[in-house]
1. Might you report the magnitude of the Cβ-based charge dipole of the stretch A:7-87 about its Cα centre, with Lys and Arg at +1 and Asp and Glu at -1, to the nearest 20 debye?
2. Please get the size of the charge dipole for chain A, origin at its Cα centre, with Cβ charges of +1 on Lys and Arg and -1 on Asp and Glu, quoted in debye to the nearest 20.
3. Under a point spin-label approximation (7 Å from Cα along Cα-to-Cβ), what is the B:Asn166-A:Arg165 distance to one decimal in nm?
4. With point charges of +1 on the Cβ of Lys and Arg and -1 on the Cβ of Asp and Glu, referenced to the Cα centre of chain B, which listed residue (B:Phe143, B:Gln249, B:Ala47) lies farthest in the positive direction of the dipole?
5. Suppose R0 equals 22 Å; then what is the FRET efficiency for B:Ser228 and B:Arg200 from their Cβ-Cβ distance, rounded to the nearest 0.05?
6. Are any of the pairs A:Lys158/B:Lys63; A:Lys8/A:Lys158; A:Lys58/A:Lys121; B:Lys20/B:Lys63 more than 30 Å apart by Cα-Cα distance, and if so, which?
7. Residue farthest toward the positive end of the dipole of the stretch A:101-158, with Cβ of Lys/Arg at +1 and Asp/Glu at -1: which of A:Ser109, A:Ser137, A:Val147?
8. Using a 10 Å cut-off on Cβ to Cβ distances, tally the other chain neighbours for every residue of A:127-139 and report the average as a whole number.
Amino acid sequence: MQFNDTLKPTEVALLYQSHHAWLRSWLRSRVGCSEHAADLAQDTFVRVLRARQVSPLKEPRAYLSSIARGLMIDQFRRRALERAYQESLANLPEAEVPSEEDRLVILDSLERLDRALHQLKPRVRQAFLLAQLDGLSIVQVAQRLEVSRATVERDLAKALGVCYRLRYADA
Amino acid sequence: MPDDTPAQVQVDQAIDWLVKLRFDSPSARTEQQFQQWLGSHPHNPLAWQRVSHLSDELAGLPKDLSRRTLEGSQRQRVSRRDHLKLLGLLAVGGSLGWAAREPLGLPQLLADSSTATGERRQWQSTDGSRIQLNTASAIDLHFSAQQRQLELIRGEISLDSNPNDNRPFHIDTRIGPLTTVDGQLLLRENSQGLLLSVRRGEVTLFPASASPRQVLPGETLQVGTNGSIQALALHSDPWGWTDGVLSVQQMPLAEFVSELGRYRPGLLRCAPEVAGLKVSGTYQLGDTEQILQLLSRSLPVRVDYRTRYWVSIGAA
């Protein structure tokens, strides 16, 4: 990773001085809780420090709010996922319920998978789920979706590419 | 540090190999070619290690639980209380207490307009069109000098476009865009794609992978994600919810239950032995509990509450 394409700490400091209060109130109007808004604003600036970005920023507030939006999405998805996980457990026989330790590992993987699925077109998503979670072979997926084998191979490669980026690049 | 980051080209190749080796039954020749590829560049083994590690992680997920969790997380919606809060009805003073710690819904945060599970909303947009959102739905609206734009992000909407405004209405959906000027139409996302019903005006559909098609008043079509179009014989009136009712004719119970489930948080299940029973009638969507009670009186079924949010319907 190269460091010359992130904002300089002095630039971030300036950004913080000029826009932190605005960002907090922007967030507060959305999340309705000032503590939560303050946390998110803080996380936004942490993310700004790490983000690859050529300076100077043309529209700093648009930039900040788009990062803050991303954080809200991540938090929302994680919570939705945790609740869905809890609900799904209700349908499992006791013996199949993962341990508390496994729970976190599974949720982390599912969170990435969930984010990856959101970036895929419906057919690609379906092909990937059929192959990865339902264990169908390429031929079976192709029959099910009424597309060619080559299309399924391309779809799976595409889905795995997104998963790969989320697993290794954005870490 | 370039040494521990394989280049994109190696990653792409490794993924192609993974697809061939894991999701197919590879021939001896394919495996031999793979071994050759592995040794053909110093970065290939690293790319392969990362890609196959990723695949192992995914393969290690408990299948059934994962699928349900992923599907469930898409259905998660905000609580009613969050809604009131957003409307400013609860946000007086610092007395939010636990309500403030409840997760907010993503739709509220990001979409222009949205509804929670079980909620329906109608309003007039600034151009004078009437918009109704059904349960668990979200849209974005953008008006410019030249056009009106609506994106169906999720769920179901009815749009009664103001005919006195002659800017075209562009509507983006999962199966492709639609346009109208003076249309009254209904759009519903479903597992096969999109249901489109037109009551008035001219609507043109541009499916992602098929040629454009004019949809006429009175038509109700199912449009597949692949662009396929079918006329539908429905067991229900697709417009019923706009009047607050679920109106069905000879609808199989399983279908009725899944329809009802859209309006309730949690799980609503129908046992296979009663799935084929037929339901007819007009039910008020405002009270799904009451609908469940009515079912148990009019059909030989029993409604079991395992928890408040886990209800199953079985033989009486």
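1. Around 200 debye, computed over the stretch A:7-87.
2. 920 debye
3. So the label points at B:Asn166 and A:Arg165 sit 4.4 nm apart.
4. Value: B:Gln249.
5. 0.30
6. A:Lys8/A:Lys158; A:Lys58/A:Lys121
7. About the Cα centre, the residue reaching furthest to the positive side is A:Val147.
8. Across the residues of A:127-139, the mean count of other-chain Cβ atoms within 10 Å is 4.
Each reported figure results from applying straightforward, stated rules to the coordinates on display, with no laboratory input. The model shown is predicted, which means the values in this text are computed figures rather than measured ones. A quick note on method: Cβ atoms are made from the backbone with ideal geometry, for glycine too, and the neighbour counts reach across all protein chains shown.
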